[in-house]
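Here's the structure we're looking at; comments come further down.
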Amino acid sequence: MHTAPPDAPALHTVTGPLDPAAVRGPVLPHEHLVLDLDRAGDGAAVLDPARHGPQVAAELAELRQEFGLSLVVELTCRGMGRDIPALARAARASGVPVVASTGWYYEPFHPAEVAGDVDALTEVLVREAEHGIDGAGVAGARPGVIGEVGSHGDTPSAPETRVLRAAARAALATGLSVSTHAQLGRGGLAQLDILTSEGLAPHRICIGHQDLLDDPAAHAEIAASGAYVAFDTVGKESYQPDAVRLRLLLALLDAGHADRALLSCDISRHGYLRAEGGRGYGHLFRGFLPAARAAGLDGHLEALLTRYNPLRFLTGSGPGAAPRTSTARTADAPAGTAAPQEDKR
């Protein structure tokens, strides 16, 4: 049976180990720099390194200079078009370290290997985490997180349940944390139940896409367990207006759970890139956070949300690892359609 090792002293990035103390600015904890989820044949759900790599690297470099972007967690895993050499090129060209991932997305995108049993799937993830990603083309490249491990609907399917159980067991064996894809925000509590039933501590779990689910009670329940709540599709207005995202985030802060929220944009199509007229990876900093400040978010909370929380999630550190600050907004701050069927739209 797999057991948990001591916490690793460094983050695994595609260009080598990184001391968390060297991450001095904000982190984007759920992004894609390369991707291929093209089932329609129109090439929309794609970030092709050859075509879009220079645009991606240019955006990251600009964000490093303008906002101090210090780390990107790249959640393109097995079966999603993962390309470690392309991630390494983007990291070197932009000067922004990149954490790669391992795992499996939700069922429509499962490769044939997911037909294996939980033990076999666990071994795949542990092997990558401990020995590097086969065929990566980057010596020693190891994933720094397990994700985005997916499910859809209120209850994960049988293959999705196997993947979630394998992710939890691999996390216990390697010390990596688990980031999930909850399709349109649904099924997050079921994901949490499966992962924790394998013995994985909630603070090693981030439940994804909760800003697509207008259910503050569910968010508070996830956070109260000790798991992280991802508001990670910021700017995807075709799914949810940012005004709703902000209301949901402020509700979570007012409930006392600021130390359990993560923020990102989940750029997952080339049309989202700034060079193609989209809002890009920087919409969190240019659009959403200014609106949050206007609603009462102060600088200490912003640092908690954008730097300390992602680092604590990745390293498995407890709440005390971040500077303690109020977990609600400043006292005088005001209170703050039918969904498409594909999260990566």
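The values are calculated or read from the model by the stated rules, or taken from the named source; none is laboratory data. Keep in mind that what you see is a predicted model, and the values were worked out from it rather than measured. As a convention, Cβ positions derive from the backbone with ideal geometry for all residues, glycine included, and neighbour counts pool all protein chains shown. Just so you know, the surface numbers come from the protein's heavy atoms only, side chains and all, with ligands and any DNA or RNA stripped out. Shrake-Rupley method; radii C 1.70, N 1.55, O 1.52, S 1.80 Å.
Here are a few things to note about the model shown:
- Matching residues, region 210-255, being open to solvent by 60 Å² or more (accessible area, probe 1.4 Å) and either within 19 Å of GLY147 (Cβ to Cβ) or of a type in the set (A, V, I, L, M, F, W, C) (or both): ALA217, ALA224, ALA243
- Test: ALA50 is under 18 Å from GLY280 (Cβ atoms) and modelled with pLDDT of 95 or more: no
- Residue within region 71-79 that is out of contact with any Ser or Thr (no Cβ under 8 Å at 6 or more places or on another chain), more than 17 Å from GLY144 (Cβ to Cβ) and either outside any loop (DSSP other than H, G, I, E, B) or at pLDDT below 95 (or both) present: no
- Residue selected from region 185-209 under the condition open to solvent by less than 30 Å² (accessible area, probe 1.4 Å) and of a type in the set (A, V, I, L, M), by the criterion farthest from GLY150 (Cα to Cα): LEU200
- Filtered residues of region 80-95 (kept if under 17 Å from ASP36 (Cβ atoms) and assigned to a loop (DSSP other than H, G, I, E, B)): MET80, GLY81, ARG82, ASP83
- Residue that is least open to solvent (accessible area, probe 1.4 Å), among those in region 39-85 that are polar (S, T, N, Q) and under 17 Å from PRO29 (Cβ atoms): THR76
- Within region 223-262, being touching a Leu at 6+ places or on another chain (Cβ under 6 Å) and hydrophobic (A, V, I, L, M, F, W, C) holds for ALA227, ALA230, PHE231, VAL234, ALA258, ALA261.
- Hey, LEU212 touching a strand residue (DSSP E or B) at 6+ places or on another chain (Cβ under 9 Å) and farther than 19 Å from LEU28 by Cα or not: no
- When region 96-115 is filtered for residues that are farther than 16 Å from LEU11 by Cβ, in a loop (DSSP other than H, G, I, E, B) and either among the hydroxyl-bearing types (Ser, Thr, Tyr) or open to solvent by 10 Å² or more (accessible area, probe 1.4 Å) (or both), the ones remaining, listed by number, are TYR105, TYR106, HIS110, PRO111.
- Remark: ALA91 matches the filter, which requires a residue to be open to solvent by less than 30 Å² (accessible area, probe 1.4 Å) and touching a Pro at 6+ places or on another chain (Cβ under 9 Å).
- Taken together, the residues in region 116-138 that are part of a loop (DSSP other than H, G, I, E, B), open to solvent by 60 Å² or more (accessible area, probe 1.4 Å) and more than 26 Å from VAL27 (Cβ to Cβ) amount to 3.
- Contact map, region 85-103: residues that are at positive phi paired with residues that are open to solvent by 40 Å² or more (accessible area, probe 1.4 Å) and not in a helix (DSSP H, G or I), Cβ distance under 8 Å, separation 6+ or inter-chain. Pairs shown: GLY103/ARG78.
- Enumeration of residues in region 28-65 that are outside any strand (DSSP E or B), farther than 13 Å from ALA91 by Cα and among the charged types (D, E, K, R): ASP38, ARG39, ASP42, ASP48, ARG51
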